[in-house]
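Please read the structure below before turning to the comments.
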Amino acid sequence: MSRPLRILFFTPSGGRTGSEMALWNVLRRFDRTRFAAAVYCERPGSLFADIPADVPRFTSPFVGSLPKRLWAKTRNSLGVSVYERHLESLHRTFRPDCWYLNTLQLAHLVHPARRLGVPVAGHVHEISHLLYDDVKARDLEVLVESARLLIGTAEAVCDELRTMGAPRVERLYPSVDLSALNPDSRRAAELRRQLGVGPTDFMW
């Protein structure tokens, strides 16, 4: 039996944004016999602690205890490429077959990935002028041209990625964990009464 495909997921904040929740749903339910996963998070938020225990977690060298942060900043100021060395170290530790960049905000990571010779996939959850303000044009250009796969969450996103020249684009609608929803019919009836909505009127 061949070994599982090893994927190192990169995500920005580990908070409860749409893109982070989509990744969290994947990490909770992926097939452990076919895949192995680890997660790198730039700024760990509340969702980071809820990642399944069997998924290794990494974070920025500039996050953590005060001594750790000071040591990283001091070395960085002396010309040591702390961030890049840290990524190389965790890459050697986990030995992934590919890097998965969760949102275009992480387009800058395509450069260290290329230096390490590791394939990159990108998951594009949003396309807007506001996003482009946060992404360097050259980073986006290199990601679009060199990513082995770009995943769009809607056909409009996929169309824009193809217009940019991405060689392989696939659409994947965001997942929702319906098991987390626990509707209360009594509470719903009370809200309808308070709002003057009839028992059979459509309400979203």
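From the list ARG28, ARG34, the lone residue that is more than 16 Å from LEU101 (Cα to Cα) and loosely packed, with under 12 Cβ neighbours inside 10 Å is ARG34. The set of residues from the range 171-204 being at pLDDT below 90 and either open to solvent by 100 Å² or more (accessible area, probe 1.4 Å) or of a type in the set (Phe, Trp, Tyr) (or both) comprises TYR173, VAL176, LEU178, LEU181, ASN182, PRO183, PRO199, THR200, PHE202, TRP204.
SER89 meets each of the listed conditions (1) surrounded by 14 or more Cβ atoms within 10 Å (Cβ to Cβ); (2) among the small types (Gly, Ala, Ser); (3) within 20 Å of LEU116 (Cα to Cα) apart from (1). Checked against (1) in a helix (DSSP H, G or I); (2) open to solvent by less than 50 Å² (accessible area, probe 1.4 Å); (3) farther than 22 Å from LYS136 by Cβ; (4) not β-branched (Val, Ile, Thr), LEU109 passes all but a single condition, namely (3).
VAL63 fulfils the conditions (1) open to solvent by 60 Å² or more (accessible area, probe 1.4 Å); (2) touching a helix residue (DSSP H, G or I) at 6+ places or on another chain (Cβ under 8 Å); (3) assigned to a loop (DSSP other than H, G, I, E, B) except for a single criterion, (1). Filtering the range 44-51 for residues that are of a type outside the set (Ser, Thr, Tyr), closer than 18 Å to LEU109 by Cα and either surrounded by 13 or more Cβ atoms within 10 Å (Cβ to Cβ) or under 22 Å from the mean Cα position of the chain (by Cα) (or both) leaves a non-empty set. Within the range 19-37, no residue that is at pLDDT 90 or above sits with its Cβ atom under 6 Å from a residue that is in a helix (DSSP H, G or I) and of a type in the set (D, E, K, R) at 6+ positions apart or across chains. Note on the range 1-17: residues that are touching a residue at least 40 places away in the same chain (Cβ under 8 Å), over 14 Å from LEU106 (Cβ atoms) and either out of contact with any Asp or Glu (no Cβ under 9 Å at 6 or more places or on another chain) or open to solvent by 60 Å² or more (accessible area, probe 1.4 Å) (or both) amount to 1. Of all residue pairs spaced 6 or more apart or on separate chains, those with beta-carbon atoms under 9 Å, a first member in the range 161-182 that is within 15 Å of SER19 (Cα to Cα) and a second member that is in a strand (DSSP E or B) are ARG171/ILE151; ARG171/GLY152; LEU172/HIS123; LEU172/ILE151; LEU172/GLY152. The listed residues are ARG138, ARG168, and the only one of them that is within 30 Å of LEU109 (Cβ to Cβ), open to solvent by 70 Å² or more (accessible area, probe 1.4 Å) and in contact with a Lys or Arg (Cβ under 8 Å, 6 or more places away or on another chain) turns out to be ARG168.
The values are calculated or read from the model by the stated rules, or taken from the named source; none is laboratory data. Note that the structure is predicted; figures quoted are calculated from it, not measured. So basically every Cβ, Gly included, is an ideal-geometry build from the backbone, and we count neighbours across all protein chains shown. SASA here: full protein model, heavy atoms, side chains in, ligands and nucleic acids out. Shrake-Rupley method; radii C 1.70, N 1.55, O 1.52, S 1.80 Å.
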